[in-house]
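Heads up: the structure comes next, in C-alpha cells.
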Amino acid sequence: MKRSKAKQSRSGGPLRLVIAGGAEAVVAAEQRLITFLNDEGLPEGAAARAALLLEEVVLNALRHGAAPNVEVEAQIGADGISLVFEDSGVAFDPLAGEVAAPETGAEQPGGRGLLLIRRFSTAARYTRSPDGRNRLELRLTPG
C-alpha cells in the first residue's frame, strides 16, 4: 500500500511541496498552501481558489497521468499568486482545445478541472520538456 505524503520546504521564499500518494496527501498539501497564502495576508477567497486548482491539477496528474508525484511551487509576487506544477506523467496540455462545462447533475464528478484552470487563472502556460516532464504555470490575482 502506498503511503500518502506531502513534503514542504519553506525558508522565507516560495512554498515547495512534493505530493505523492492519494487524496490524503492532496488534502494535506491544500491546507499547507492555504496556510502559506493566509500567512502572507491574501484574502480567504484567493487562497481557496489556489487550493482548488492545486487539488484539480495534482489529482489529475496522479490519477490520469500516472505521475509518481507532483512538485508544486507557490509564490506571491506583485502581480499575484504563481503556482507551478511539474510531474513526469503522461503528456497532457490542459490549455489545448475547447473545454465544455460539465453537465449539471452529471453522475460522474469529473470534468471541472480544465474549466477551473481557465476561469481562475489570469495567465497560464504549459510546456513538455525534452526529458519528459510536464510543467504547468498558473497566475492568479490575489483579490
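The values are calculated or read from the model by the stated rules, or taken from the named source; none is laboratory data. Note that this is a predicted model, so its numbers are computed, not measured. A quick note on method: Cβ atoms are made from the backbone with ideal geometry, for glycine too, and the neighbour counts reach across all protein chains shown.
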All but one of (1) of a type in the set (A, V, I, L, M); (2) surrounded by 15 or more Cβ atoms within 10 Å (Cβ to Cβ); (3) over 15 Å from the mean Cα position of the chain (by Cα); (4) modelled with pLDDT of 95 or more hold for Leu15; state the number of the condition that does not hold. (3)
So, of the residues in segment 60-89 that are more than 25 Å from Leu42 (Cβ to Cβ) and in contact with a Phe, Trp or Tyr (Cβ under 8 Å, 6 or more places away or on another chain), which turns out to be surrounded by the fewest Cβ atoms within 10 Å (Cβ to Cβ)? His64
With the checklist (1) within 16 Å of Leu136 (Cβ to Cβ); (2) among the β-branched types (Val, Ile, Thr); (3) touching a helix residue (DSSP H, G or I) at 6+ places or on another chain (Cβ under 8 Å) in hand, flag the one item Val18 doesn't pass. (3)
Condition first: among the β-branched types (Val, Ile, Thr), closer than 18 Å to Ala66 by Cα and part of a loop (DSSP other than H, G, I, E, B). Now tell me which residues in segment 116-143 satisfy that. none
Report yes if Glu44 is charged (D, E, K, R) and at pLDDT 95 or above, otherwise no. no
Answer with yes or no whether Asp87 is among the acidic types (Asp, Glu) and closer than 18 Å to Arg16 by Cα. yes
Hey, does segment 96-110 have a residue that's modelled with pLDDT under 95, of a type outside the set (S, T, N, Q), under 20 Å from Val26 (Cα atoms) and not in a strand (DSSP E or B)? yes
Condition check for Ala6: at pLDDT below 90 and more than 22 Å from Gly113 (Cβ to Cβ): no
Could you list, in sequence order, the residues of segment 37-48 that are crowded, with 21+ Cβ neighbours inside 10 Å and either under 13 Å from the mean Cα position of the chain (by Cα) or not aliphatic (A, V, I, L, M) (or both)? Ala47
